[in-house]
Structure formats: structure tokens, C-alpha cells
Amino acid sequence: MKRLVRRRSRAAREAAARRARHFRAQLGVAADIAIRARRRALAERGDAAGEHTGERSPRGRVTVDDVLACAHQHFGLTSVPREEAAAVLRARYELRGCHRDLDTDAPALAPDASRPEVSGT
């Protein structure tokens, strides 16, 4: 009987770990969607204004609220901790090299120590 209890608890731990990985993956995709949408808006704004003649190209800003909105809209995630969304946004921001054309508020909200590992493609 004791062995059965261990299997159930191990199965529950494994299921919880799978759910957490799935949740982080959904947040990563939501951050990618927010980044892509902001870059697309920048490109359209640049095209509408014509080529910049000697000016610096405009910068956009992707926020944690953008990621939360994408997570809610695309995946139905309603109770996402802001710190976790900020950590995922920061990881994706650095992975995608967004420092060239975007700003973000994620570093102010996401502590360095609790940054989750997010794999990119």
C-alpha cells in the first residue's frame, strides 16, 4: 500500500511540472506575439512616414501589460503573476535582440534570480 501512495505523489509532482512547463511555454509565445506586434507597428509607422532621412529610427516599447493581454487573448490565461510575465518577457527580449529597436519595462519588474529558463527557436 505504501508503494501506491508514492507513485501517486510522484505522478502528481510530474503532472504539476508538466503544467508549469506548459504555462511558461504559453507565456513565452505570448511574449513573442507582443514583441512581433510591436515591431510590426514600428515598421508600419516607419513606412507611413517614409524613409528616415538622417534621423534615428523610432523605438517602440513592449510592456508586461502587452504580454498579459496576449496571454489572455490567445491562451485564456487570466491569473498570471506580473513578476513571472516580466521574467519571461525579459528572457525573450534578450533572446530576440530587441535592445536594437525596442524598450521594455520588464527588467524593473523581474528580479534576476527568479528568471525562468525559456528556450527559443
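The values are calculated or read from the model by the stated rules, or taken from the named source; none is laboratory data. Predicted model only: the values in this text are computed from it and were never measured. Here the Cβ is made from the backbone with ideal geometry for all residues, glycine too, and neighbour counts use every protein chain on show. Surface accessibility is based on the protein's heavy atoms, side chains included, excluding ligands, DNA and RNA. Shrake-Rupley method; radii C 1.70, N 1.55, O 1.52, S 1.80 Å.
Listing for the model above:
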{"quantity": "Every pair of residues 6+ apart whose Cβ atoms lie under 7 Å, when the first sits in the stretch 13-29 and is over 15 Å from residue 91 (Cα atoms) and touching a residue at least 24 places away in the same chain (Cβ under 8 Å) while the second is β-branched (Val, Ile, Thr) and open to solvent by less than 60 Å² (accessible area, probe 1.4 Å)", "calculated": "none"}
{"quantity": "Residue check, residue 10 modelled with pLDDT of 95 or more, surrounded by 10 or more Cβ atoms within 10 Å (Cβ to Cβ), over 24 Å from residue 96 (Cα atoms) and of a type in the set (D, E, K, R)", "calculated": "no"}
{"quantity": "From the options 79, 119, residue that is at pLDDT below 75 and either of a type in the set (S, T, N, Q) or surrounded by 14 or more Cβ atoms within 10 Å (Cβ to Cβ) (or both)", "calculated": "119"}
{"quantity": "Answer residue from the stretch 21-64, given it is of a type in the set (Gly, Ala, Ser), open to solvent by 40 Å² or more (accessible area, probe 1.4 Å) and assigned to a helix (DSSP H, G or I) and is modelled with the lowest pLDDT among those", "calculated": "48"}
{"quantity": "Residues of the stretch 59-109 classified as free of Cβ contacts under 8 Å to residues at least 40 places away in the same chain and touching a helix residue (DSSP H, G or I) at 6+ places or on another chain (Cβ under 7 Å), total", "calculated": "8"}
